[in-house]
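See structure below.
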Amino acid sequence: MEFVDLKTQYRRLKPAIDSRIQSVLDHGQYILGPEVREFELRLAARIGSKHCIGCASGTDALLLALMALGIGPGDEVITSPFTFFATAEMIALLGAVPVFADIDPATYNIDPKKIEATITPRTRAIMPICLYGQPADMNAINAIAARHGLPVIEDAAQSFGALYFGRHSGNLSTIGCTSFFPSKPLGCYGDGGACFTNDDTLAAAMIELRNHGQENRYHHTRIGINGRLDTLQAAVLLAKLDAFNNELLARSEAADRYSALLKGVVHTPQIAPNRTSAWAQYTIEVEDRTVSLHQQPVFASQSAFASASFPHAERAAERVLSLPMHPYLAPADIERVAEAVKSAMHHAAAR
Ligand SMILES: Cc1ncc(COP(=O)(O)O)c(C=O)c1O
């Protein structure tokens with residue numbers, strides 16, 4: 001059984017995907033071709049955001065957001081110690097310091113109550129992550145940010161498609177960033193990502209930054225990156241977008257089925273009130289897993305983190321385990337996985 005079954009998805013969507021790819025091969029505009037703009041407009045309309053800026057990966061989306069906000073050496077950005085490495089990595093790449101605040105163990109997302117104590121005169125932004133597909137508590141985070149005059153970057157790499165009080169993840173703060181890595185809920189056939197904002201100035205900055213800081217062709221007004229979304233990836237995404245609502249539904253049904261089978265056997269995911277999850281991952285808790293970000297060698301060597309303790313993130317990192325999750329999981333597959341989990345728990349208890 002595949003952890004994320006991209007082959008079945010391709011078989012189902014083949015005519016649409018093939019025809020979208022073929023039109024790019026026919027027109028030949030591989031860099032910033034018409035599909036990129038079409039995709040950006042569709043995505044912005046979908047989540048009600050004024051601007052969508054397609055880019056080369058979720059990692060670049062975070063980098064562009066931080067660069068557009070002018071984050072640089074000596075600045076501090078508050079984020080979660082329990083996320084994919086890129087979140088803290090992009091902060092550090094710009095010479096800024098990731099400052100961690102512990103998570104809420106119920107949702108694995110940054111705990112708003114832990115944020116205020118980490119704010120210093122050097123804090124320049126708050127960067128929550130919507131882990132496994134469930135939005136962080138963005139209203140509480142935005143309220144803290146507003147009190148301190150700080151922008152908020154939502155790392156929505158895993159949560160595109162999720163709702164928070166009826167609003168779309170990616171459009172819940174100053175800038176939202178998402179990823180189209182192949183295994184993400186909306187994935188392309190390579191790397192891809194996007195930034196969202198309702199702020200015209202930040203949008204203009206990110207459009208320039210993703211294309212070598214060019215305001216117009218060969219007129220460079222800032223130092224940027226080569227961070228454009230490929231036309232071919234935009235074409236794949238346009239085809240997949242038509243199936244996305246059905247796929248979200250199928251993920252949510254798969255999650256419900258897992259939870260019904262595993263309730264009382266292991267700790268199953270909890271979705272907070274007024275939120276939906278995009279179910280990028282279905283994650284249970286067992287004993288003994290990996291290490292959280294502040295314990296990674298590169299961050300542990302920074303004195304600020306050596307002594308820091310984030311008990312909820314540490315406990316979660318030791319325990320979380322993701323099960324196969326994709327829209328084409330058959331009920332029988334889910335039952336097989338649940339049986340395997342049950343029998344592993346049974347053996348662990350007997351040891
Ligand atoms: C929370 C989070 N942030 C950032 C990224 C980076 O996205 P990408 O792999 O597209 O660069 C990912 C996914 O891989 C992620 O899960």
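Every pair of different Cα atoms in the range 14-56 enters the Kirkwood calculation, which places the hydrodynamic radius at 11.4 Å.
By how many nm would the segment from Ala300 to Lys7 lengthen if fully extended, with 0.36 nm per residue of separation less the alpha-carbon distance? It would help to have the intermediate numbers written out before the result.
Values: separation 293, 0.36 × 293 = 105.48 nm, distance 3.94 nm.
Separation in residues times 0.36 nm, less the Cα-Cα distance, equals 101.5 nm.
The trypsin sites (Lys or Arg not before Pro) of the range 12-112 include none that meets both conditions, a loop assignment by DSSP and at most 11 other Cβ atoms within 10 Å of the site Cβ.
In square angstrom, what is the accessible area per residue of the chain with a 1.4 angstrom probe? Could the numbers behind the result be given before it?
Working: 15170 Å² over 351 residues.
Averaged over the residues of the chain, the accessible area is 43 Å².
Out of the total accessible area of the range 112-170 (probe 1.4 Å, heavy atoms of protein only), what percent is carbon and sulfur? Present the calculation step by step, with values, prior to reporting the outcome.
On the way: 1230 of 2110 Å².
On the range 112-170, the fraction of accessible area on carbon and sulfur atoms equals 58 percent.
With the cut-off at under 16 Å, measuring from each backbone N in the range 102-125 to a point 7 Å along the Cα-to-Cβ line of Ala140 picks out 102-119. For the pair Val286 and Arg37, label points projected 7 Å from Cα toward Cβ lie 5.1 nm apart. Net length available on complete extension from Ala106 to Ser309 is 71.3 nm, with 0.36 nm assigned per residue and the Cα-Cα distance removed.
So if R0 is 41 Å, what FRET efficiency would Phe165 and Arg217 give, r being the distance between their Cβ atoms, rounded to the nearest 0.05? Each step should come with its number before you reach the end.
On the way: r = 42 Å, r/R0 = 1.03.
The computed FRET efficiency comes out at 0.45.
Compactness ratio of the chain: Cα Rg over 2.2 N^0.38 Å, N = residue count? Write out the running numbers ahead of the final one.
On the way: Rg = 20.3 Å, N = 351, 2.2 N^0.38 = 20.4 Å.
Cα Rg divided by the expected 2.2 N^0.38 Å: 1.00.
With one equal scatterer per alpha carbon and no solvent term, the Debye-computed log10 I(q)/I(0) for the range 162-263 at 0.14, 0.21 1/Å reads -0.71, -1.19.
If you average 1/r across every pair of different Cα atoms in the range 1-130 and take the reciprocal, what Kirkwood value do you get, in Å?
Details: mean 1/r = 0.0563 Å⁻¹.
Hydrodynamic radius (Kirkwood, Cα pairs) of the range 1-130 is 17.8 Å.
Here each label is just a point 7 Å from Cα along the line to Cβ, and for Asn226 and Asn245 those points are 3.9 nm apart.
For the chain, the relative contact order comes to 21 percent (Cα pairs under 8 Å, sequence separation of at least 6). What is the sum of charges, Lys and Arg at +1 and Asp and Glu at -1, for the other residues whose Cβ falls under 12 Å from the Cβ of Pro185? Cβ neighbours under 12 Å give a net charge of +2.
Panel note: the C-alpha atoms of the range 72-167, placed on their principal axes, show extents of 36, 28, 22 Å (largest first).
Roughly how many percent of the accessible protein surface of the range 231-283 is carbon and sulfur, given a 1.4 Å probe and a whole-percent answer?
On the way: 1020 of 2150 Å².
That share works out to 48 percent.
For the pair Ala204 and Ala45, label points projected 7 Å from Cα toward Cβ lie 2.6 nm apart.
With a cut-off of 9 Å between beta carbons, the residues surrounding Ile91 carry a summed charge of -3, where Lys and Arg count +1 and Asp and Glu -1. Applying the Karplus relation 6.51 cos²θ - 1.76 cosθ + 1.60 with θ = phi - 60° to the range 198-213 yields 3J(HN,Hα) values of 9, 9, 4, 5, 5, 4, 4, 4, 5, 4, 6, 4, 6, 10, 6, x Hz, where x marks Gly and Pro.
The values are calculated or read from the model by the stated rules, or taken from the named source; none is laboratory data. As the structure is a prediction and not an experimental result, all values here were calculated from the model. With ideal geometry, Cβ positions are generated from the backbone for all residues, glycine too; neighbour counts draw on all protein chains shown. To get the accessible areas, we keep the full protein, side chains included, count just its heavy atoms, and leave off ligands, DNA and RNA. Shrake-Rupley method; radii C 1.70, N 1.55, O 1.52, S 1.80 Å.
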